[in-house]
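One structure is given below, encoded as C-alpha cells.
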Amino acid sequence: MVHNLGGSAGAFPSLAPSHDWQGVWQFNVGIGHELNRLFMPAMVQRRWGRIVHISTLSTRTYKGNAPYLAAKCALVGYVKAMSRDVSKDNVIITAVSPGAIYSEGRYFAKLSPEGLEDYFHNHLPIRRLGRAEDVAPAVAFLCSEQASFMAGAIVDVDGGGS
C-alpha cells in the first residue's frame, strides 16, 4: 500500500487556528493511519506486507509552512513507531522523502526562471527538479521482498537537496 497524499490543505500561517492545523494533520497523517487500519490486519495475518508513506525533505531541513512541516514530522515518527509494532510479522512500513518535485500548478512550477536558478544554486546541487519518475523506483523497491530489512526506513529521494 502506498499512501501518497499530503499538503498544507490551505493552512499556511503558523498561527492558523487549531482546527486548521488539525485538518493538515488529518490530511497528512490521519488518512494514512486509517488506510493502515484497513489494510494492515490482513498483512499481519498473511505475515507479509509493505506500506510506504510519502513524506518530504522538509522533515530534515525544517523549511516550509509550520502546519505542513509539523504534520510530516509526525508522519515520520508514526512510521518509525508503527514499524516496531508489525515488522515482526514481516509487515514493513517505510517512508520516502522526496525533495523538490515538479508538479504542474504547484510551487516549483510557478517559480520564475531566476527564482528557480536561485533555488538550484542555494539548495539543489543536481540543478534540476525531480519528477514522479525519479521517486517511483524507490517506492517500488520498498514494496518489494528486497526491502525486508528496511523496517522504519525513511528514504530520501531529493537530488542532494537541503
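The values are calculated or read from the model by the stated rules, or taken from the named source; none is laboratory data. Since we're looking at a predicted model, the values are computed, not measured. FYI the Cβ positions are ideal-geometry reconstructions off the backbone, even for glycines, and counts take in every protein chain you see. Accessible surface areas use protein heavy atoms only, side chains included; no ligands, DNA or RNA. Shrake-Rupley method; radii C 1.70, N 1.55, O 1.52, S 1.80 Å.
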Within the range 86-109, the residues that are assigned to a loop (DSSP other than H, G, I, E, B), touching a helix residue (DSSP H, G or I) at 6+ places or on another chain (Cβ under 9 Å) and open to solvent by 40 Å² or more (accessible area, probe 1.4 Å) are N90, Y102, S103
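For (1) touching a strand residue (DSSP E or B) at 6+ places or on another chain (Cβ under 8 Å); (2) free of Cβ contacts under 8 Å to residues at least 24 places away in the same chain; (3) closer than 17 Å to G64 by Cα, each residue gets a yes or a no:
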{"position": "L111", "(1), (2), (3)": "no, yes, yes"}
{"position": "E114", "(1), (2), (3)": "no, yes, no"}
{"position": "P125", "(1), (2), (3)": "no, no, no"}
{"position": "G130", "(1), (2), (3)": "yes, no, no"}
{"position": "P137", "(1), (2), (3)": "no, yes, no"}
{"position": "A147", "(1), (2), (3)": "yes, no, no"}
For the range 71-84, indicate whether the set of residues that are touching a Cys at 6+ places or on another chain (Cβ under 7 Å), in contact (Cβ under 8 Å) with a residue 60 or more places away in the chain and not basic (K, R) is non-empty. no
Residue hits (the range 122-151; farther than 15 Å from H3 by Cα and in a loop (DSSP other than H, G, I, E, B)) are L124, P125, I126, R127, R128, L129, R131, S144, S148, F149, M150, A151
If a residue must be charged (D, E, K, R) and open to solvent by less than 50 Å² (accessible area, probe 1.4 Å), how many such residues does the range 138-162 contain? 1
Can you run down the residue pairs with Cβ atoms below 8 Å, 6 or more apart or on separate chains, where the first is in the range 41-65 and closer than 30 Å to F12 by Cβ and the partner is at pLDDT 95 or above and basic (K, R)? S55/K72; T56/K72; S58/K72; T59/K72
Could you check how many residues of the range 40-62 are in a loop (DSSP other than H, G, I, E, B), modelled with pLDDT of 95 or more and open to solvent by 20 Å² or more (accessible area, probe 1.4 Å)? 2
Taking the condition surrounded by 13 or more Cβ atoms within 10 Å (Cβ to Cβ), assigned to a strand (DSSP E or B) and not basic (K, R), does S83 pass? no
Residue check, Y119 against (1) outside any helix (DSSP H, G or I); (2) in contact with a Leu (Cβ under 8 Å, 6 or more places away or on another chain), all met but one. Which one? (1)
